[in-house]
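What follows is one structure encoded as structure tokens, with my remarks underneath.
Derivation of every value follows stated rules applied to the coordinates shown; laboratory data play no part. Worth saying up front: this structure is predicted, and the values here are computed from it rather than measured. FYI the Cβ positions are ideal-geometry reconstructions off the backbone, even for glycines, and counts take in every protein chain you see.
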Amino acid sequence: MKITRIAGHALVPGRIIKDHIHVGGTEIHVPHVIISGHNPGPVLLVTAGIHNAEFVGIQAAIELSSEIDPEQLAGTLIIVPVANRSGFENRTTSMVHEDGKNLNRVFPGDASGTAADRLAYLLFNTFIKYADAYVDLHSGDGYEELIPYVYYVGDTACEKQASAMASCVDTEFIVRSRCKTGGAYNMASVNGIPSVLIERGQLSMYPREEVDADKSDVINIMKYLGMLDGAHETYTKTPLIEHELFSPATGCWYPEFHPGDTFFEGEKLGTIRDYFGKIIHEITATETGIIIHQCASLNILKDGPMISYGAFIK
């Protein structure tokens, strides 16, 4: 299907659009950039700020939106640099400000739901479903530390191309996700749009080298897709099976390891204590693995993220 309009804008070769689109029933206006290449080609969507305190991707997307030359571009590049704008402007640590929902758990959204549902619906139906490929940029929230890695969704019709896109990302580790619900890139994949999610950066920091690395990954994927001239690079990956551990209690959190550290079955991964220092829970590894990301703050919340680790594929 040939797309001639996105978000109400005609795709005119050589044209750059920078605008906002209103989310019906809310006060939210989503910034977006549409760069129409001088030559025909695929439509690539890049989003950042779905989790609004993950700043590496946001800054990378902002810079890319001003650095891609439509004269050198084949196809159309759509960039949504701050998807969760109201969360960003109210510092809600990655939740949508109006309803407290995690935006990346409610896709494809609901036009008659709460603010997060409506925002997800607009993002999916205005941008995502028209893309030929999709890159979602994430990093560690204000309380999260992590190592760089990339996700793609397995067991989908577009898995082969998504895996090839993931190989263009300069990270050591890769996770073939088993999740097919809730997330933006997950739902895109289920709907036949090859998609990857890049995790890079932590603790809501945005160091120059990590911003540049995100930009390089997007440009490399664009070369793979034939949108920019030049040969793309591929990077050997260590595949992991991801397991997420959620906190059994609210209290003070004392991890034993950091992202990138390996551990063995039976080792203590961390301790939760009460406000008098008494141990509430000790977390013990049930298998050997590597810490991918984890809570890095002193406070930890019951049922909140604690540790995500990767088990090595044998």
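Here are the numbers:
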item	result
Charged-residue dipole, Cβ positions (Lys, Arg, Asp, Glu), the chain about Cα centre, Debye nearest 20	800
Percentage relative contact order, the chain, counting C-alpha pairs under 8 Å, at least six apart	16
Exposure proxy order (Cβ contacts within 10 Å, fewest to most) of 205, 306, 227	205, 306, 227
Residue-averaged [θ]222 nm for the chain, counting only DSSP H segments that reach four residues, each worth -39500 (n - 2.57)	-6000 deg cm²/dmol
Cα long-axis angle, helix 55-67 against the chain (0 to 90 degrees, to the nearest 10)	20
Cα centroid of the range 183-244 to Cα centroid of the range 76-132, whole Å	19
Proximal lysines relative to residue 2, as straight alpha-carbon distance under 26 Å, when same-chain residues fewer than 8 apart are discounted	18, 129, 160, 223
Protection proxy ranking, peptides 209-222, 280-293, 187-200, average beta carbon neighbours within 10 Å, highest first	187-200, 209-222, 280-293
Signed unit charges on C-beta, dipole axis of the chain, positive-most listed residue 14, 92, 296	14
Loop-located trypsin sites (Lys or Arg not before Pro) in the range 85-189, at most 12 other Cβ atoms within 10 Å (DSSP)	91, 178
Stretch gain in nm, segment residue 264-residue 105, where the contour uses 0.36 nm per residue and the Cα spacing is subtracted	54.1 nm
Gaussian network model of the chain, Cα within-10 Å springs - most flexible of 40, 148, 70	40
The range 1-44 shape via C-alpha gyration tensor axes, a/c threshold 1.5	prolate
Local electrostatic count at residue 237 - Lys and Arg +1, Asp and Glu -1, tallied over other residues with Cβ under 12 Å	-1
Shape category assigned to the range 5-224 from the gyration tensor of Cα positions, a/c cut at 1.5	rounded
Computed over the range 256-314: relative contact order in percent, which uses C-alpha pairs under 8 Å that are six or more apart	32
Linear extension gain, residue 155 paired with residue 206, 0.36 nm per residue minus alpha-carbon span	15.0 nm
Top of 259, 248, 81 by mean-square fluctuation, Gaussian network on the chain, Cα under 10 Å	248
The chain: most fluctuating residue of 226, 182, 266 per GNM, C-alpha cutoff 10 Å	266
